[in-house]
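A quick write-up on the structure given underneath.
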Ligand code: B12
């Protein structure tokens with residue numbers, strides 16, 4: 001079943017993806033297993049095929065859309081399992097300006113929410129000003145900046161600098177993430193934390209609030 005889901009995502013077959021994911025859940029497969037063992041590997045494979053020139057943009061878009069269709073079914077299942085423990089912490093998250101990738105960011109947001117955090121998801125292509133304004137208004141404990149393109153990674157630094165200029169930098173812990181982001185990049189731009197995936201992000205954020 002997981003292989004069939006992978007295949008359907010790679011072929012961008014939204015209707016089949018919907019049917020197969022529902023069927024997998026009905027058969028008792030765990031939502032996170034479907035996500036981690038079928039959806040993420042499939043969309044990553046689409047990236048490799050795109051890189052190799054075997055897929056063109058329409059195929060990459062179709063695979064992205066098919067993944068999102070699967071996530072629309074899977075993530076409410078994950079979120080629904082909210083841990084009893086309720087955090088007092090708010091996590092503001094978004095994909096930086098110029099970047100429309102949101103599959104990974106949305107998984108991080110859902111896992112944080114399922115783990116008891118109050119999550120404010122600003123979505124994609126979020127301007128630096130929007131991040132700063134929202135920090136000022138909502139006073140979150142954490143800010144997460146997602147970037148999937150090497151050309152948009154510098155925006156993570158821009159947001160950190162803008163938070164400093166606004167006098168808000170000391171009030172928040174800044175997390176950075178996204179496939180091209182590394183621990184050393186995070187250090188070099190003055191972020192507080194780097195997490196390579198959603199599980200690590202939850203673990204680190206929980207540790208920071210004790
Ligand atoms: C799907 C996809 C798309 C979809 C996005 C759909 C969507 N709604 O997100 C579409 C088709 C729209 C797209 C568009 C483009 N894409 Co694209 N895309 C991808 C692809 C295949 C998968 C990304 C993904 O979802 N991965 C799965 C998720 C689960 O992983 P993830 O995002 O890394 O997230 C995990 C961690 O990184 C981390 N994380 C993520 N965010 C955050 C945030 C925080 C705070 C933390 C702590 C952790 C964290 O946790 C997540 C979960 O575990 C990648 C290839 C790849 N392997 O990354 C290319 C890729 C990123 N895209 C690429 C390119 C070039 C583009 C385009 C420029 C193509 C074009 N010519 O137009 C456009 C850019 C549009 C724009 N302005 O943003 C390149 C980037 C190359 C580079 N060096 O910058 C890649 C690497 C493909 C390639 N190999 O060439 N893309």
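The residues in the range 174-206 that are in contact with a strand residue (DSSP E or B) (Cβ under 9 Å, 6 or more places away or on another chain), more than 11 Å from the ligand (Cβ to nearest atom) and touching a residue at least 12 places away in the same chain (Cβ under 8 Å) can be counted, and the count is 3. Check the range 148-155 and report whether any residue there is more than 12 Å from the ligand (Cβ to nearest atom), free of Cβ contacts under 8 Å to residues at least 40 places away in the same chain and outside any helix (DSSP H, G or I). Taking every residue of the range 148-155 in turn, none turns out to be more than 12 Å from the ligand (Cβ to nearest atom), free of Cβ contacts under 8 Å to residues at least 40 places away in the same chain and outside any helix (DSSP H, G or I). Annotation: residue 170 fulfils all but one of (1) under 30 Å from residue 45 (Cβ atoms); (2) outside any loop (DSSP other than H, G, I, E, B); the unmet one is (1). Restricting the range 80-109 to residues that are modelled with pLDDT under 85 and within 27 Å of residue 30 (Cα to Cα) leaves a set whose member that is surrounded by the fewest Cβ atoms within 10 Å (Cβ to Cβ) is 84. Scanning the range 41-60 for residues that are in contact (Cβ under 8 Å) with a residue 40 or more places away in the chain and either within 6 Å of the ligand (Cβ to nearest atom) or not in a helix (DSSP H, G or I) (or both) turns up just one, 43. Can you pull out every residue in the range 112-133 that is in a helix (DSSP H, G or I) and either buried (at least 22 other Cβ atoms within 10 Å of the Cβ) or touching a strand residue (DSSP E or B) at 6+ places or on another chain (Cβ under 6 Å) (or both)? Scanning the range 112-133 gives 112, 113, 131. Note on the range 134-147: residues that are surrounded by 16 or more Cβ atoms within 10 Å (Cβ to Cβ) and without any contact (Cβ under 8 Å) to a residue 60 or more places away in the chain amount to 8.
The values are calculated or read from the model by the stated rules, or taken from the named source; none is laboratory data. Since we're looking at a predicted model, the values are computed, not measured. Cβ coordinates were reconstructed from backbone atoms using ideal geometry, including for glycine residues, and neighbour counts include every protein chain displayed.
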